[in-house]
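A short write-up of the structure that comes next.
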Amino acid sequence: MTYVRARDWPPTVQAADYTDQLNLTSSSYVPGSPEVGVQFVAPTSGRIIITIGGGARDNTNDNRVFLSPQIFEGPDVSGTEILAPSVTIHGWGQTSTAATAGYGSRESLYPFPGAGETELVPGQVYYARVMMAAEQGVGASADVFSRFIIVEPAP
């Protein structure tokens, strides 16, 4: 009989916040306030499934809103960054009109095959958080109404 040990398959962790992040004008990724993040332990496989999402709207109809994970080795943001925020593989982007909010998410494997990402060290503590940015047009802003992150071990 084979036993699954806690270090082989640590628990799934998640965080969410529904505090409005209004008039976001930063085209660089920012964490928002309050920050939405989780500590997690890397499973024996060294891989996780990370889900990021939320709800947002463009206030001026000429930009997009991006939500993306950022991962640090260690228990908080003082550790070494191993995944910089980007919507290319792990993030989610929303385009909408000023009158409507769009909600969505993106689930992805980390490290993503062929992306050159650093494999996680089994048993090591990591910190992942939601970052957000707005693709800017002249005078553009965006609103983010909810943000969430889920980190689960992958086989």
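Summary table below
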{"item": "Output for the stretch 101-115, where each listed residue is out of contact with any strand residue (DSSP E or B) (no Cβ under 6 Å at 6 or more places or on another chain) and more than 18 Å from residue 42 (Cα to Cα)", "result": "114, 115"}
{"item": "Count of residues meeting criterion [surrounded by 15 or more Cβ atoms within 10 Å (Cβ to Cβ) and free of Cβ contacts under 8 Å to residues at least 24 places away in the same chain] in the stretch 73-89", "result": "2"}
{"item": "Any chance residue 36 is of a type in the set (Val, Ile, Thr), open to solvent by less than 20 Å² (accessible area, probe 1.4 Å), in contact (Cβ under 8 Å) with a residue 60 or more places away in the chain and farther than 30 Å from residue 124 by Cβ", "result": "no"}
{"item": "All positions within the stretch 41-71 that are open to solvent by less than 10 Å² (accessible area, probe 1.4 Å) and within 15 Å of the chain's Cα centre (by Cα)", "result": "48, 50, 52, 53, 54, 55, 56, 65, 67, 68, 69, 71"}
{"item": "Residue that is surrounded by the most Cβ atoms within 10 Å (Cβ to Cβ) [pool: residues in the stretch 121-154 that are over 14 Å from residue 90 (Cβ atoms) and of a type in the set (A, V, I, L, M)]", "result": "142"}
{"item": "Strands (runs of 3 or more DSSP E) contained in the stretch 17-119 and holding at least 1 residues over 20 Å from residue 152 (Cα atoms) and of a type in the set (A, V, I, L, M)", "result": "21-24, 48-58, 65-73"}
{"item": "Residue check for residue 18: at pLDDT below 95 and either open to solvent by less than 40 Å² (accessible area, probe 1.4 Å) or not aliphatic (A, V, I, L, M) (or both)", "result": "no"}
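The values are calculated or read from the model by the stated rules, or taken from the named source; none is laboratory data. None of these values were measured; they are calculated from a predicted model. Don't worry about glycine lacking a Cβ; one is built from the backbone with ideal geometry, like all the others, and counts go over all protein chains shown. Surface accessibility is based on the protein's heavy atoms, side chains included, excluding ligands, DNA and RNA. Shrake-Rupley method; radii C 1.70, N 1.55, O 1.52, S 1.80 Å.
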